[in-house]
Amino acid sequence: MITELGHFALILAFVVACLQGIVPLVGAHFRWPGWMAVAEPAATAQLLLTAFSFAALTHAFVVSDFSLRIVVENSHSAKPMIYKISGVWGNHEGSMLLWVLILALFGALAAWFGGNLPPTLRARVLAVQAWVGAAFFAFILYTSNPFIRLATPPFDGQDLNPLLQDPGLAFHPPFLYLGYVGLSICFSFAVAALIEGRVDAAWGRWVRPWTLLSWVFLTIGIALGSWWAYYELGWGGFWFWDPVENASFMPWLLAAALLHSAIVVEKREALKSWTILLAILAFGFSLIGTFIVRSGVLTSVHAFATDPDRGVFILGILVFFTGGALTLYAARAGAMQAKGIFGVVSRESALVLNNILLAVSCFVVFTGTLWPLVAEMLFDRKLSVGAPFFNMAFTPFMVVLGLVLPVGAMLGWKRAKPARVLRQLAPALGLALALMGLAWAMQTGRSLFGPIGVFLGTWLVAGAVTDLVARLGQSRDWRRLRHLPRADWGKAVAHSGLGITMLGVAGLMAWEQEDIRVARVNEPFTVGAYEIELLGVSRIQGPNYFADRGEVSVRRDGAEVAHVYPEKRNYPVAAMPTTEAAIDNGFLRDVYVVLGDAQADRAWTMRVYVKPLANWIWGGSLLMALGGALSLSDRRFRVAAGARKTTPAPKGVPAE
């Protein structure tokens, strides 16, 4: 009964979305307050209906209702409860239901907290959001219905993909979708502004918190996915440049560009047309990611579905919304004239350069991701574009971005004096060069990648600190730091997080040590500064798997620093083995041990890595997200966000 109610609620949510997409839009056109007022209760009703539908599906997984096909294919009665719940979105149909739930959530949030928006703009934003929701409700109901029952339910299920039975993967998709789908509200703001034909500083202030919120969630989601790949897959890497990884990274780059561009619109009423275009493209690339994951056009270990019919449906949604928005943009671009003018050397120019670097780097990733498909279609050639291309083509743009970011963050608006900024940054530059030289001296005979990464990371962190100190003025009253706006603290923390991540990536790629061998019990061997000894392997039983579990001693200078237990698991229901790496985490390095297959004479294949600064990658990512959250908590984003600047009328003259 609960399942049928969930299905019915999903159909009602589709109907409500259609009404929400039509009535407020007509009301805004004719300035009918009653029709425009429909938007808020409709957005709330859409969220409640979708949430009930999602809860009904979750209930089916929790109680192991094997009359539902989706539960049979993605669950098992012996599976731990956390993975029963995460199994709801660990498949195509359930993940799409989560997709529309988050879409409805952002629409409802815009309705609840958009009271300071002009009524017509608010109605149009919620109507556009509803049309996006209606398209995906139709996609679920007609091609990906999660509530399909089986005529003859089996005794038990087929289990969830063992690779997804991990805490990191349980939380990775929800955060990723909150970022992915959250960009839809920025898209709705952009299209609504195009319909109204007006973009001003208030619009930039309204759209900026939504962009920031989506970017924060997307940052956390990407970091969780990278961390999971690092410790779960057993290959020792953190980023594979897989098409689905790239599909989440491209919107992240464009969202970062949109965030900085919206600042210029808010502060200077410039870059209006460009900011609107970025809002359209950011969500457009989210739709492209959805298409890549669910169409089967590109091979990926992350792909959910390979049904061409579903791919065609999503492609139709992509073309309709992105193509329609770009067409409207072309028609209205002339009406979005920039008011603010600025010099070549100014913060505005630095933000323009920031946008160019992020947008071009996104285009590089997009080209490398889709080029195998283009080559196969046009030239009948099967090509593979891997890490060497992306590292060579993408890295230079990030290096330039890292170089200019501290300078650009300290330049003044409109016209700036670069000499003064460079004088303030001289100590940061000196520290970065000194640490770069130290890294070069310590890594005799290695590549420049490590020292350059040390320079960029130090430059970004020291530059962010310098920016904060410069805001104290000549007094250098350190107590004033407590009273700086949270947005300033957020910017400094986020930029420092980017520097720490760059440092971690460079350190890991430049100075990693690897050893692959057949290891025998009680025969130690050396990897870098560490002595590794396999003490034994035992068979253990898990809740829904059995495993060979190794016991490994890690010593340095004769003293044991860690005891780790790598595993090679086998899930009998899914008939699939997995590798569970054992990692001794440290501040400056990880010792990473992987147990392979059994060999003769009590020997086992083993891979051991010493990974310098590995945890700095995810620590820096979390700092970036924290910086975004600090900026989002700034009171200026919550109070009078839509207030327009007004010029006070002279005495005796009534205000209009």
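Here are a few things to note about the model shown:
- Of the strands (runs of 3 or more DSSP E) lying entirely inside region 433-542, the ones with 2 or more residues being aliphatic (A, V, I, L, M) are found at 513-520, 530-541.
- In this entry, GLY499 passes the filter for residues that are out of contact with any Asp or Glu (no Cβ under 8 Å at 6 or more places or on another chain) and crowded, with 20+ Cβ neighbours inside 10 Å.
For every residue, the table says whether it meets (1) closer than 30 Å to TRP131 by Cβ; (2) surrounded by 18 or more Cβ atoms within 10 Å (Cβ to Cβ).
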| position | (1), (2) |
| --- | --- |
| ALA151 | no, no |
| PRO154 | no, no |
| GLN158 | no, no |
| LEU169 | no, yes |
| PRO174 | yes, yes |
| LEU178 | yes, yes |
| SER184 | yes, yes |
| VAL191 | yes, yes |
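Okay, residues lined up against (1) buried (at least 16 other Cβ atoms within 10 Å of the Cβ); (2) β-branched (Val, Ile, Thr); (3) not assigned by TED's automatic domain parsing to the domain that holds LEU105; (4) not in a helix (DSSP H, G or I):
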position: PHE8; (1), (2), (3), (4): no, no, no, no
position: CYS18; (1), (2), (3), (4): yes, no, no, no
position: ALA56; (1), (2), (3), (4): yes, no, no, no
position: PHE66; (1), (2), (3), (4): yes, no, no, yes
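- Only one of ALA562, ALA598 that is aliphatic (A, V, I, L, M), part of a strand (DSSP E or B) and free of Cβ contacts under 8 Å to residues at least 60 places away in the same chain: ALA562
- As a summary of the residue check, ALA78 satisfies the conditions (1) under 26 Å from PRO162 (Cα atoms); (2) buried (at least 21 other Cβ atoms within 10 Å of the Cβ); (3) not acidic (Asp, Glu) except for the one numbered (2).
- Residue in region 543-558 that is acidic (Asp, Glu), surrounded by fewer than 16 Cβ atoms within 10 Å (Cβ to Cβ) and in a strand (DSSP E or B) present: no
- Inter-residue pairs, beta-carbon under 7 Å, first under 11 Å from ILE140 (Cα atoms) and touching a residue at least 60 places away in the same chain (Cβ under 8 Å) and in region 77-98, second charged (D, E, K, R) and part of a helix (DSSP H, G or I), 6+ apart: HIS92/ARG294
- Residue within region 470-478 that is among the aromatic types (Phe, Trp, Tyr) and within 25 Å of GLY586 (Cβ to Cβ) present: no
- Residue pairs whose Cβ atoms lie under 9 Å apart, separated by 6 or more positions or on different chains, with the first residue in region 398-423 and part of a helix (DSSP H, G or I) and the second acidic (Asp, Glu), are PRO406/ASP467; ALA409/ASP467; MET410/ASP467.
- Here ILE82, ILE148, ILE102 are screened, and the one residue that is over 21 Å from PHE52 (Cβ atoms) and touching a helix residue (DSSP H, G or I) at 6+ places or on another chain (Cβ under 8 Å) is ILE82.
- All positions within region 368-386 that are touching a residue at least 12 places away in the same chain (Cβ under 8 Å) and either surrounded by fewer than 14 Cβ atoms within 10 Å (Cβ to Cβ) or among the β-branched types (Val, Ile, Thr) (or both): THR369, LEU383, SER384, VAL385, GLY386
- Within region 227-246, one or more residues are among the aromatic types (Phe, Trp, Tyr) and either crowded, with 23+ Cβ neighbours inside 10 Å or on the phi > 0 side of the Ramachandran plot (or both).
- Of the residues LEU150, LEU169, LEU164, the single one that is in contact (Cβ under 8 Å) with a residue 40 or more places away in the chain, in contact with a Lys or Arg (Cβ under 6 Å, 6 or more places away or on another chain) and closer than 30 Å to PRO572 by Cβ is LEU150.
- Within the option set ILE222, ILE276, being assigned to a helix (DSSP H, G or I) and under 30 Å from PHE342 (Cβ atoms) holds for one residue only, ILE276.
The values are calculated or read from the model by the stated rules, or taken from the named source; none is laboratory data. All values reported here derive from a predicted model rather than from experimental measurement. Cβ atoms come from the backbone with ideal geometry, glycine included; neighbour counts cover every protein chain shown.
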